[in-house]
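Taking it in order: structure first as C-alpha cells, then the write-up.
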Amino acid sequence: MLLQRIITALIMLPVALAGFFLLDGWGFALFIGAVVTLAAWEWARLAGFAARGARIGYAALVAVLLLGLYFLGPRLPLLAPALLWIAAAWWLAAIFLVLGYPDSARFWRPAGVGLLIGLLMLLPAWQGLVLLKQWPYANWLVLAVMVLVWAADVGAYFSGKAFGKRKLAPRVSPGKSWEGFFGGMALSLLLVLGLGLWLGWGASLLVQALVAAALVVAFSVVGDLAESMFKRQSGIKDSSNLLPGHGGVFDRIDSLTAAIPLFTLLLWLSGRMAS
C-alpha cells in the first residue's frame, strides 16, 4: 500500500503542478474541468447512483455545465460572483448538516438532493480557480489557497496524532480531533503571519489576512467532513480507486471544494483583485 501511494504521488505531483501553474486560459479551465468531471463521476455513487450509466450521465452533465460557465462567464459578469455566494451559503448549511448527522441525513438522503449538492461543491470550486487565474499574481493565489489547505492537513495530522483526545465530529469522522483542528489552523496561520511579515504588510492587512485564512481553513475542514458524511451514509470508504493508494479524486480535493470558493470570494470582496 505504501509503495502504491508513493508511485501514485510521484506520477500525480508533476502532472498537477504542470496543470495548475503552466496552463492558462482555456487550457487551465479544461485541465481543472477534467479533474472536476472525474470527481463528479465519483460523487454520483456517493449520492446513491451506483449504475455506470447514471454516473457517466452525471459527469457529462457537470462537463456541459462547466462549458456553459466558461462561455457565458464573460457575457454575464455577475454569474461567477453569484456562484461563489451560493457556494458560501451551501457550506454554511453544510456545517449544520455535519453537526446534525445522522439525523440531518433526512434532508439530503433523496438521490436528487445529493446530486444537487455535488453541483454546489464542484462547480464553484472550478469557477473559483478559473477566476484566480485571471487575476494579478494568478499562480501565487492558486498556490496560496492550496498551501493553506495542505498546511492545515499536515498540522492536523501531527497534532492530532500527538495530542488528539476530543473528537471533532465522531459520528462523521471519528479520527478527527479538536486538537488536530487547532494544530492545523495554527500551522496555516503561522505561515500567513510569516509571509505577511516578510512582505512588510501593515497591521490592518495582516489582521485581515489572518482572519480570512482562518475562515478558509475552517471551511476546508467542513469540506472534508461533508464528503466523509456522504461516504459514511453510503457505506463507502473511498470515493473510487482511480488513484491507487490514495482513493479517489474527490478524496484528494474535498477540502479544496470548500476552501477555493471562499478564498476567491473573500479576495473579490476585499477589492484588491481585478474583477
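Brief remarks on what is shown
- Residue satisfying condition, being surrounded by fewer than 20 Cβ atoms within 10 Å (Cβ to Cβ) and either at pLDDT 95 or above or closer than 17 Å to A88 by Cβ (or both), within set L206, L225, L242: L206
- Within segment 50-92, the set of residues being farther than 11 Å from T37 by Cα, touching a residue at least 40 places away in the same chain (Cβ under 8 Å) and under 22 Å from the mean Cα position of the chain (by Cα) comprises L69, Y70, G73, A80, P81, L83, L84, W85, A87, A88, W91.
- When G194, G183 are checked against the criterion of being at pLDDT 95 or above, farther than 27 Å from S228 by Cα and not basic (K, R), G194 stands alone in meeting it.
- All positions within segment 245-275 that are at pLDDT below 90 and closer than 26 Å to R171 by Cα: G245, H246, G247, G248
The rows are residues; the columns are (1) part of a helix (DSSP H, G or I); (2) of a type outside the set (A, V, I, L, M).
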| residue | (1), (2) |
| --- | --- |
| Y70 | yes, yes |
| P77 | no, yes |
| L83 | yes, no |
| W90 | yes, yes |
| F96 | yes, yes |
| D103 | no, yes |
| G112 | yes, yes |
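- Considering the conditions (1) more than 30 Å from L67 (Cβ to Cβ); (2) among the β-branched types (V, I, T); (3) surrounded by 21 or more Cβ atoms within 10 Å (Cβ to Cβ), V145 is excluded by exactly one of them, (1).
- Listed conditions (1) of a type outside the set (D, E); (2) surrounded by fewer than 20 Cβ atoms within 10 Å (Cβ to Cβ); (3) in contact (Cβ under 8 Å) with a residue 24 or more places away in the chain; (4) touching an Asp or Glu at 6+ places or on another chain (Cβ under 8 Å) are all met by A214, apart from (4).
The values are calculated or read from the model by the stated rules, or taken from the named source; none is laboratory data. Predicted model, so just to flag it, every value in this text is computed and none were measured. Here the Cβ is made from the backbone with ideal geometry for all residues, glycine too, and neighbour counts use every protein chain on show.
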